[in-house]
Ligand SMILES: Cc1cc2nc3c(=O)[nH]c(=O)nc-3n(C[C@H](O)[C@H](O)[C@H](O)COP(=O)(O)OP(=O)(O)OC[C@H]3O[C@@H](n4cnc5c(N)ncnc54)[C@H](O)[C@@H]3O)c2cc1C
């Protein structure tokens, strides 16, 4: 059945199909709908199960979720940590703190929050289901990503296909095509994320602090620990060198052995605390950093366009920013009767420099977090000289970012 025509008749109709109902796809649907654009979301999974345990949402992302009217619901689930802390994995000495909580709201105009991925995904999906301009189709596996193939599921030929289908995007393959001079590929980074959790209501052993986000730094590896939301439980992510095949091998025992190996020589208290966590498995980390993002009728957002390492905890935040930026570019094109290809060009032009800057911050963090020897000593010395206020200043360009338009 076709989408109903917009009630106020203000914008000419544009039919958009979004492939993938992860954070990028669902947020994109809500952002388009907020700007009066009707969307179909096609997801290959039969049900929406979030992958992983917790996620950090920085103010540049929560500002957009706020503009979409989601924060009243999300606030019931998320937790606003008091600070973001860097600590030495061997000595447990605190190296630096960036204040968060009320400070983040004041400085960057929106909360810094941690939340369980399941609660975030459910909130987004419920809002999509409830919106009259959105339709969510689950269990849809497309052979190809042409308008005709999509129309077979939705009953309408889309004018634009948004590839929000993650790091192994098939929409990306169809944009790049075999003849492209810049084929986009997902490349294994050489690093693996091992995830563990301490479920809610289980006591949190020291040195873990359930009121803050802590990154414990060590030689060639680091461990991030933070609460999963406001009903307790701790999210633990260990990142270090590993093999792409780690995912298929990652039983509980293998995960424990890999984590013990990564953190050999670290603080015994930290290792003992990790023993009480439940291993979830391994995520080999892939990056996408090249190739075109659109071909005039298809456009990529989120990990499909620019999967990045989680060293700056910004992959989902960038997907949320993409969603808002694309909706604004399309709404602007419809209002001013600009053609869609030009709107997609402006979207990509506005997003690429920011993505590259965030990627560079992640690469710097990777170098600094995993340092050893004199570099580690230098890092610790430099951090010891910086006040929390100075450290916060360093995040203004990232967390204080405002997109042009209504959704920021
Ligand atoms: C260890 C780790 C920690 C992280 N921590 C953070 C953090 O704290 N903060 C942060 O901002 N980011 C973080 N990230 C990054 C973040 O998780 C991702 O960038 C984000 O989830 C990407 O969302 P997405 O919607 O683009 O892709 P995905 O989440 O991969 O969603 C893609 C969706 O498309 C569907 N799909 C795939 N192919 C098809 C198809 N052919 N047809 C239909 N549907 C399809 C999939 O089933 C899925 O539902 C982290 C990443 C990792 C690995």
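Based on the alpha-carbon gyration tensor of segment 75-116 and its eigenvalue square roots a ≥ b ≥ c, which shape applies: rounded if a/c is under 1.5, prolate if not and a/b is larger than b/c, or oblate?
Cα axes put segment 75-116 in the oblate bin.
What shape does segment 218-286 take by its C-alpha gyration tensor, where a ≥ b ≥ c are the square roots of the eigenvalues and a/c under 1.5 counts as rounded, a/b above b/c as prolate, and the rest as oblate?
oblate
Counting only Cα atoms, I'd like the Rg/Rh figure for segment 364-408, Kirkwood definition for Rh. Kindly include the intermediate steps, with their values, before the conclusion.
Details: Rg = 15.1 Å, Rh = 12.8 Å.
A ratio of 1.19.
Distance from the Cα centre of segment 219-271 to that of segment 156-171, in angstrom?
Here the answer is 33 Å between Cα centres.
For the chain, give the share of DSSP beta bridges that are antiparallel, in percent and rounded to the nearest 5; count only bridges with both residues there.
65
Build a GNM of the chain with springs between Cα atoms under 10 Å: which of 125, 257, 323 gets the top mean-square fluctuation?
257
So how do 245-253, 98-106 stack up, highest first, on mean other-Cβ count within 10 Å?
Going by the mean number of other Cβ atoms within 10 Å, highest first, we get 98-106, 245-253.
When the chain is modelled as a GNM with alpha-carbon springs shorter than 10 Å, which of 172, 201, 359 fluctuates the most?
Most flexible of the set in this elastic network: 201.
What is the helix-to-structure angle for 23-34, meaning the angle in degrees between its Cα long axis and the longest Cα principal axis of the chain, kept from 0 to 90 and rounded to the nearest 10?
40
Answer rounded, prolate or oblate for segment 1-136, using the Cα gyration tensor with square roots of eigenvalues a ≥ b ≥ c: rounded when a/c is under 1.5, else prolate when a/b is larger than b/c, else oblate.
Note, shape of segment 1-136 comes out prolate.
Taking the Cα atoms only, what angle lies between the long axis of helix 117-130 and the longest principal axis of the chain, rounded to 10 degrees?
20
Based on the Kirkwood radius over alpha-carbon pairs, what value in µm²/s does the Stokes-Einstein equation return for the translational diffusion coefficient of segment 29-94 at 20 °C and 1.002 mPa s? Don't skip to the answer; put the middle values down first.
On the way: Rh = 15.6 Å.
This corresponds to a translational diffusion coefficient of 138 µm²/s.
With a 10 Å cut-off between alpha carbons and a GNM built on the chain, which of 28, 116, 342 moves the most?
342
For the chain, what is the per residue volume of the convex hull drawn over the alpha-carbon atoms, in cubic angstrom?
Cα convex hull per residue, to the nearest whole number: 138 Å³.
Principal axis extents for segment 213-369, Cα atoms only, whole Å, descending order, please.
63, 34, 29
Quick one: Debye curve from the C-alpha atoms of segment 124-225, no solvent, what's log10 I(q)/I(0) at q = 0.18, 0.22, 0.24 Å⁻¹?
Values returned for q = 0.18, 0.22, 0.24 Å⁻¹ are -0.99, -1.20, -1.34.
Read-outs throughout are calculated quantities, based only on the coordinates presented, and are distinct from any laboratory measurement. The structure presented is a predicted model; accordingly, all values stated were derived computationally and were not measured. So basically every Cβ, Gly included, is an ideal-geometry build from the backbone, and we count neighbours across all protein chains shown.
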